Amino acid sequence: MHIYRVAGMALLALLSACAQPLPDSPEACRLERRGEFHLTFGHGVATVPVVLDGRTAAMLFDTGSTGTAVTKPAAERLNLLGNGNVRITTTGLGGESKSFPAGIGRFEVGGAAMVNQSVTVLPFDLRGHGAHPPDGLLGMDFLSNFDIEIDLQSGEGVLYSPRNCPSARPDWKLRSTMLVFPPSGGGVRLRVETELEGRKLIATLDTGAASTIVSTAVAHALGVTDEMLAKGRAIKAAGIAEADADMRVRRFATLRVGTETVNNPELAVADLPPTVGDMLLGMNFLRNRKLWITTSSRQVHISARQPARPGP
């Protein structure tokens, strides 16, 4: 019986694989719209409305986070049931924090829904967002279930069913570049190859970070000493840790992302968790661009920067 059962399972797996459309076939490349959303910008980043078991919340749209989290005050308001006896160590900019898990029966963004989602509950509010901080952050554990198209100028976003279509290109009038996730990317983190002053780096695309941040180790490798960093402007950044991160601003010669080169960029320098790579490409780089993210094909397309719209 055991042999027959294993053989039967192998046959079912083979039939299932055969039933999948071939890569780049018309079936595999068909676009199926699942949901639409609108981003609201403030304090250098953006929030998105979500519905958690029928209750509405505003979350930071955060492609730099592998997981989704809610703050403890928001969890209490949304009546999310968590397991306070289990502690999860979360590492981010600024260090570590202790959180606990909670379950959500239906998690919805713009009409696209997932069921039985797990989130972590942070024991503090998200700082750096003014008097009304976001209720949490929407991370890649949810977003990676879809192909995502985002216009970071207008704030309009669309979620599509994931496609096995590596040759597909966005139908944009703007020039764009395609970046491929390196084999060491791991999980659902959006890590891509970049260059800083000719040195090849791995960077995380992070819409949850207002600034582009390079690691202190990379700055040292490029000949920037601690004494040179100390002369730079001091700033702080709030992540998902209980303490803010201290950073120094430093001007570099060139930053290259895909086919685009930025001359004389001012970048923040800070100690980064090793899981994010050498750099966080934040919203000061990504703003006013379009992104097409397809984790199923391990690609991201980034448009050229659009002309800034006049303010009100």
Exercise. How far is it, in nm, from the label point at residue 118 to the one at residue 25 when both lie 7 Å from their Cα along the line to the Cβ?
Worked result: 3.4 nm
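What is the packing order of peptides 219-225, 167-173, 151-157, taking the mean over residues of other C-beta atoms within 10 Å and listing the highest first?
In descending order of packing, they fall as 151-157, 219-225, 167-173.
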For this session: At q = 0.10, 0.12, 0.14 Å⁻¹, what is the base-10 log of I(q)/I(0) for the chain according to the Debye formula with one equal point scatterer per Cα and no solvent? Please give it to two decimals.
Result: -0.60, -0.86, -1.13
Exercise. If the cut-off is 21 Å between C-alpha atoms, which lysines fall inside it for residue 200, apart from same-chain ones fewer than 8 positions away?
Worked result: none
Problem set entry | Under Karplus coefficients 6.51, -1.76 and 1.60, residue-wise ³J(HN,Hα) of the range 267-284 in Hz, glycine/proline x | 10, 7, 10, 7, 6, 10, x, x, 5, 8, x, 8, 7, 10, 8, x, 6, 5
Exercise. Can you give me the relative contact order of the chain as a percent, contacts being Cα pairs under 8 Å and 6 or more apart?
Worked result: 22 percent
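Length gain on complete extension for the stretch residue 220 to residue 156, per 0.36 nm per residue less the alpha carbon to alpha carbon distance?
19.1 nm
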For this session: Compute the length gained on full extension between residue 254 and residue 77: take 0.36 nm times their separation in residues and subtract their Cα-Cα distance, giving the result in nm to one decimal.
Result: 59.1 nm
Seminar exercise, completed: Looking only at lysines whose Cα falls under 23 Å of residue 173's and that sit 8 or more positions away or on another chain, we get 290
Seminar exercise, completed: Net charge near residue 99 (other residues with Cβ under 11 Å of its Cβ; Lys, Arg +1; Asp, Glu -1) is +1
Problem set entry | Stretch gain in nm, segment residue 200-residue 308, where the contour uses 0.36 nm per residue and the Cα spacing is subtracted | 35.9 nm
Exercise. Residue 236: which lysines have alpha carbons under 25 Å from its alpha carbon, excluding same-chain residues fewer than 8 sequence positions away?
Worked result: 72, 98
Exercise. Where does each of 242, 149 land when they are ranked from fewest to most other beta-carbon atoms within 10 angstrom?
Worked result: 242, 149
Exercise. Ranked highest first by average number of other Cβ atoms within 10 Å, how do 47-54, 226-233 line up?
Worked result: 47-54, 226-233
For this session: On a 0 to 90° scale, report how tilted helix 2-19 is relative to the longest principal axis of the chain, with both axes built from alpha carbons and the result rounded to the nearest 10.
Result: 70 degrees
Exercise. How large is ³J(HN,Hα) for each residue in the range 60-69, as worked out from phi by the Karplus curve 6.51 cos²θ - 1.76 cosθ + 1.60 (θ = phi - 60°), to whole Hz, x for Gly and Pro?
Worked result: 5, 7, 10, 6, x, 9, 6, x, 9, 9
For this session: Run through all the Cα pairs of the range 168-277 and give the fraction in each 10 Å bin from 0, expressed as whole percent.
Result: 12, 42, 34, 10, 1
For this session: Could you sort 198-205, 265-272 so that the peptide with the highest average Cβ count within 10 Å comes first and the rest follow in order?
Result: 265-272, 198-205
Exercise. Computed FRET efficiency, Cβ-Cβ of residue 85 and residue 125, R0 25 Å: what is it to the nearest 0.05?
Worked result: 0.65
For this session: Would you pull out the residues with amide H under 5 Å of residue 176's amide H, same chain only if 5 or more places away, H placed 1.01 Å from N?
Result: 304
Seminar exercise, completed: Applied in sequence order to the range 163-175, the curve 6.51 cos²θ - 1.76 cosθ + 1.60 (Karplus, θ = phi - 60°) yields integer Hz couplings, x standing for Gly and Pro, of 10, 9, 9, x, 7, 5, 10, x, 8, 10, 7, 6, 4
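Rule-based calculations on the coordinates, nothing more; no lab input. Everything numeric here is computed off the predicted structure, so don't read it as measured data. Glycine also receives a Cβ, built like all others from the backbone with ideal geometry; neighbour counts cover every protein chain displayed.
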